[in-house]
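Novice: Below you will find the structure I want to go over with you.
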Amino acid sequence: DNIPGVPGVGEKTASDLIRQFGSIEGVLERIDEVRGEKRRENLRNHREQALLSRKLATIDCNVPLDFDLEDFARRDPDREALGKLFTKLEFGRLSREFGENRDGLSYDAYVTILDEKDLKAFIKKAATSGVLSVDVETDALDPMRANLVGISLAGKPGEAAYVPLGHVGEGVPAQIPLEKCLDILRPVLENDSPRKVGQNLKYDWIVFRRHGVTLGGVGGDSMIAAYLLDPSRLQYSLDDLARQHLAHDTIRFEDVAGKGKNQIPFSEVVLEKAAPYACEDADVALRLVRLLEPRLREDDLESLYTDVEVPLLVLLARMEMNGVLVDREKLAALSTQFDDELQEIEKRAHQLAGEAFNLNSPKQLSKILYEKLKLPVLKRTRKGAHSTDFDVLVQLAEEHELPREIVRHRQIAKLKGTYVDALPALIHPETGRIHTSYNQTVAATGRLSSSDPNLQNIPIRTPEGREIRKAFVAAPGRRLLSADYSQIELCLLAHLSEDPTLMEAFRQGEDIHRRTASEVFGVPPGEVTDAQRSGAKAVNYGLLYGQGAYGLSQQLGISTGEAETYIEGYFRHFGGVRAYFDRTLEEARARGYVTTILNRRRYLPDITSEKRGFRSAAERMAVNTRLQGSAADLIKAAMLRVQARLDRESPETLMIMQVHDELVFEVPLGEVAAVTSLVRAEMEGVFPLKVPLRADVREGANWDEAH
């Protein structure tokens, strides 16, 4: 409460003193009678503070107030205003509670199709609409393991049909056999016309493909459209998008299937509930696509949507289905190796501490580090305890060997739990491969992310990370090919800033970090030391992410003054970069957003904030998004170009992974040279930059060897 009180006098002691002496004045007049020398000293030294604290805690009852008590009477809330506010703030339950169905969605034209004749009639009519919204109902969230339970289709807003295929239970009517249904739908689903749309259509594409249908004419996705219009939202579920854009509360899955331990599979949901739920999914997705696509055109995002993001969802679906082969035996051996290493670290830690303790116990570790070893307290937890989090341990590791061992223990334990022990459980029982899920609508910069497993976080340079990468292998008779853009963000910085020194370095194929060090430290490139090059590299990449002098000083272990000198020296020799950064921020403040090389937008509402911390964060995002977002644009465009040529010239080559600026392929042995040339040509020629864009391509029996 920011009321200072008296040191050493807490609530209980204060109550006892007031009870004994009657008042604060009584306590202060009779300090000599208070027990405890330290407490008496504190009361003497903080006499004025004690009186001030009472004044601060006393309610002033003499403040003039002009009000009518009736103004404070309880009344009904403005439900419409609250509904809009809660929707804007993404308060799910409250927005549903205070919102209202204002768009007039009706279930009257939703039908359940149980007869082949009716299905043929519906699909014939829907096929003439020009656009067909498609949604599948399944028994699993993982599309690689999901079985079809039903299909919903919508050709016009308000007109949707549900075709149940796998519903079971008492009283469930006869349904069209799965294969017969797919035979009827296949000509329309596989044709480029009508245009297919949906919500998270990548999932549906994979499920259809696993059931023998290749969804053709994929042309729109409500989730992707919403993401491009507002890439900083927390989520893009159909329920949220319907609430935000249609002011409509959808039927949620838990409304029909229950939740928690009482939830039942969708195949057991009665058709009277299942059909409206499924039809609404297709109907709402169609309505959202029709509503959002014109907004994409207005914001000049249509090309990014139709030429990159929507085609990419099909490519990502193919990549997910391709999967990557992992070596079980390698992982098992690695698990044992990591176990042995963790035990050795634990022994060394006990020796360094002079006693046995639980390395995973913050309380025990804190006692060893701060009470026994007397290491400096760098940070406290919310409850006031001495922090033992990872960043603190990294700093303490510079002073003592024990925190260094703890850091290593945590790193290995995390890799073991996250990858070494988890990957075997993710191997698909039918394919023998791991099928990660690529996410297009997570990173605000446009970067792809992956989950189950997250391939982005496997360390590249640590020995443990490299060992894990060795477990990602090529199938017999094939090789892995890794193609990685070299310093793409610095390359884009040279292109966008048009800094002459930076552009010359890229055009001459120089080591950009050595050239930077040469310029900043004023020495010939051949005389640049490893330490100078390392410092220049930190500056190069730090500036891309909006890093200031303090952050650079922490990274390099130098003073803030030295870091400022580094940065000032950089901008003296790369004046075009400073001008570019200034220009970027000026445009961001004027427009409220920044754009990438393919016109992707990121809105920055805090760019003009009066709060310095918020404003600084937005400024860092502005600089970083233009570069990292443009890099995301180029890798996505390159993926599409490469795959198009592979389909024509090397159809047996599989694109299997995308991690940051790297693409990984599984290539037949006899085609490695040709595919290497093909991939390099398409990646380097993806966009006409003012400086050469370089892709490093290597091959090997496993991912580490190829990288």
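The values are calculated or read from the model by the stated rules, or taken from the named source; none is laboratory data. Only a predicted model underlies this, so the values are computations on that prediction, with no experimental measurement involved. All Cβ positions, even for glycine, are placed from backbone atoms using ideal geometry, and neighbour counts span all protein chains on display. For accessibility, only protein heavy atoms count, side chains too; no ligands or nucleic acids. Shrake-Rupley method; radii C 1.70, N 1.55, O 1.52, S 1.80 Å.
Novice: Could you figure out which of (1) closer than 15 Å to residue 118 by Cα; (2) open to solvent by 60 Å² or more (accessible area, probe 1.4 Å); (3) part of a loop (DSSP other than H, G, I, E, B) isn't true of residue 180?
Specialist: So the condition that residue 180 fails would be (3).
Novice: Looking at 501, 445 in this structure, which one is of a type in the set (Val, Ile, Thr) and not in a helix (DSSP H, G or I)?
Specialist: 445
Novice: Here's something else I'd like to know. If you go through region 353-365, how many residues are part of a helix (DSSP H, G or I) and buried (at least 17 other Cβ atoms within 10 Å of the Cβ)?
Specialist: Qualifying residue count, region 353-365: 2.
Novice: Then there is this: Enumerate the pairs (first residue in region 142-162 and more than 16 Å from residue 277 (Cα to Cα); second residue anywhere and open to solvent by less than 10 Å² (accessible area, probe 1.4 Å) and part of a strand (DSSP E or B)) with beta-carbon separation below 6 Å, excluding pairs fewer than 6 apart on the same chain, so at least 6 apart or on different chains.
Specialist: 155/132
Novice: What tally of residues in region 613-661 results from selecting those that are at pLDDT 95 or above, out of contact with any Gly (no Cβ under 9 Å at 6 or more places or on another chain) and among the charged types (D, E, K, R)?
Specialist: Summing the residues that are at pLDDT 95 or above, out of contact with any Gly (no Cβ under 9 Å at 6 or more places or on another chain) and among the charged types (D, E, K, R) in region 613-661 gives 5.
Novice: Would you mention how many residues in region 389-404 are open to solvent by less than 60 Å² (accessible area, probe 1.4 Å) and either within 26 Å of the chain's Cα centre (by Cα) or of a type in the set (D, E, K, R) (or both)?
Specialist: Taking region 389-404 as the starting set, the residues that turn out to be open to solvent by less than 60 Å² (accessible area, probe 1.4 Å) are 389, 392-393, 396-397, 400, 402-403.
Retained after the next criterion (residues that are either within 26 Å of the chain's Cα centre (by Cα) or of a type in the set (D, E, K, R) (or both)): 389, 392-393.
Of the residues in that region, 3 qualify.
Novice: For region 69-96, name all the residues that are open to solvent by 90 Å² or more (accessible area, probe 1.4 Å) and in a helix (DSSP H, G or I).
Specialist: Hits for region 69-96 are 69, 70, 71, 72, 79, 84, 88, 93.
Novice: Oh, and also: Give the residue, chosen from 495, 428, that is over 24 Å from residue 345 (Cα atoms), open to solvent by less than 20 Å² (accessible area, probe 1.4 Å), over 25 Å from the mean Cα position of the chain (by Cα) and touching a residue at least 60 places away in the same chain (Cβ under 8 Å).
Specialist: Details: 428 fails: over 25 Å from the mean Cα position of the chain (by Cα).
Sole residue among the options that is over 24 Å from residue 345 (Cα atoms), open to solvent by less than 20 Å² (accessible area, probe 1.4 Å), over 25 Å from the mean Cα position of the chain (by Cα) and touching a residue at least 60 places away in the same chain (Cβ under 8 Å): 495.
Novice: In region 111-138, how many are under 17 Å from residue 211 (Cβ atoms) and either surrounded by 24 or more Cβ atoms within 10 Å (Cβ to Cβ) or at pLDDT 95 or above (or both)?
Specialist: 6
Novice: Among the listed residues 565, 595, 529, identify the single one that is under 26 Å from residue 296 (Cα atoms) and either out of contact with any Pro (no Cβ under 9 Å at 6 or more places or on another chain) or touching a residue at least 40 places away in the same chain (Cβ under 8 Å) (or both).
Specialist: After ruling out the rest, the residue left standing is 595.
Novice: Let me ask something else about it. So residue 290 clears everything in (1) modelled with pLDDT under 95; (2) open to solvent by 30 Å² or more (accessible area, probe 1.4 Å) except one condition, right? Which one?
Specialist: Status for residue 290: all satisfied but (1).
Novice: Hey, among the residues in region 311-336 that are without any contact (Cβ under 8 Å) to a residue 12 or more places away in the chain and of a type outside the set (Val, Ile, Thr), which one's farthest from residue 462 (Cα to Cα)?
Specialist: Checking each candidate, the answer is 329.
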